[in-house]
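> Got a structure for you, questions after.
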Amino acid sequence: MLSKQVFAQIEALQPSIAPPLRHMMQLAKQVADPDLLELCTGYIDAALRLENWTPPYSPLTDKERAFIAFTEQFVTAVGTMKDEQVQDLLMFASADEVYAFVNSIYVTDMAKRLELVAAKVLP
């Protein structure tokens, strides 16, 4: 999720946070559906760079569209998330799977933002 260069810079500046950060990023990849996470990670990356995102294939399934819509809302304004958006996910996944996905999206979003900021502010 973070480039090796940025992770090394963070590790040099804050050695104590490197192991838990590495662990958190590893868990994020392990607990969510890998295909959905990859699809949504592509969206996150494009959105944070203010680039247009097009799905890597078409058409997306109803499940994929629901998870992309959730991710879009999460990235742009998580505070305005609606219960209906969570319910849309629950049509395709269990509560535990949705919980794992949301945590994975959180970590992915955080890592992508950290990568972009670190490129500007770290030596």
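The values are calculated or read from the model by the stated rules, or taken from the named source; none is laboratory data. Predicted model, so just to flag it, every value in this text is computed and none were measured. Reconstructed Cβ throughout: ideal geometry from the backbone, glycine too, with neighbour counts over all protein chains shown. SASA here: full protein model, heavy atoms, side chains in, ligands and nucleic acids out. Shrake-Rupley method; radii C 1.70, N 1.55, O 1.52, S 1.80 Å.
> Just want to confirm a number: the relative contact order over segment 1-90, from Cα pairs under 8 angstrom separated by 6+ residues, in percent.
Numbers: 38 pairs, mean separation 18.6, N = 90.
Relative contact order, segment 1-90: 21 percent.
> May I pose another question? Under 10 Å, Cα contacts only: if you run a Gaussian network model on the chain, which one of Asp33, Asp109, Asp62 comes out with the highest mean-square fluctuation?
Fluctuation is largest for Asp62.
> Residue-wise, which Karplus ³J(HN,Hα) couplings in Hz belong to segment 5-15, taking 6.51 cos²θ - 1.76 cosθ + 1.60, θ = phi - 60°, and x for glycine or proline?
5, 5, 4, 4, 5, 5, 4, 5, 7, 9, x
> Taking K and R as +1 and D and E as -1, what net charge do the other residues with C-beta under 11 Å from the C-beta of Ile105 add up to?
On the way: positive: Lys112; negative: Glu72, Asp109.
Net of charged neighbours comes to -1.
> Could I ask something else about it? So, R0 is 25 Å and r is the distance between the beta-carbons of Glu72 and Lys29; what FRET efficiency does that work out to, to 0.05? It would help to have the intermediate numbers written out before the result.
On the way: r = 21 Å, r/R0 = 0.83.
It comes out at approximately 0.75.
> Order Val78, Val107, Val86, Val121, most accessible first, counting only protein heavy atoms with a 1.4 angstrom probe.
Values: Val78 80, Val107 10, Val86 50, Val121 100 Å².
Output order, biggest surface exposure first: Val121, Val78, Val86, Val107.
> Give the cross-link partners of Lys63 among the lysines, using a straight C-alpha distance below 30 Å as the criterion and excluding same-chain residues fewer than 8 apart.
List returned: Lys29, Lys82, Lys112.
> Separate question: Multiplying the sequence separation of Leu50 and Val117 by 0.36 nm and subtracting their Cα-Cα distance, what value in nm do you get? Please report the intermediate quantities before stating the final value.
Details: separation 67, 0.36 × 67 = 24.12 nm, distance 1.43 nm.
That works out to 22.7 nm of additional length.
> On to the next question. What full-extension length gain, to one decimal in nm, is calculated for Arg65 and Lys4 as 0.36 nm per residue of separation minus the Cα-Cα distance? Display every interim value, and only then the final one.
Working: separation 61, 0.36 × 61 = 21.96 nm, distance 3.13 nm.
Separation in residues times 0.36 nm, less the Cα-Cα distance, equals 18.8 nm.
> Out of every Cα-Cα pair in segment 70-123, what percent are more than 12 Å apart?
Values: 995 of 1431 pairs.
Above the 12 Å cut-off, segment 70-123 has 70 percent of its Cα pairs.
> Mean projection of the alpha-carbon convex hull of segment 4-121 over all orientations, in nm²? Don't skip to the end; give the middle numbers.
Numbers: hull surface 32.1 nm².
Mean orientational projected area (segment 4-121, Cα hull): 8.0 nm².
> Shifting gears a bit: Arranged from highest to lowest average of other beta-carbon atoms within 10 Å per residue, in what order do the peptides 65-72, 44-51 appear?
On the way: 65-72: 19.4, 44-51: 13.8.
Highest to lowest by the protection proxy: 65-72, 44-51.
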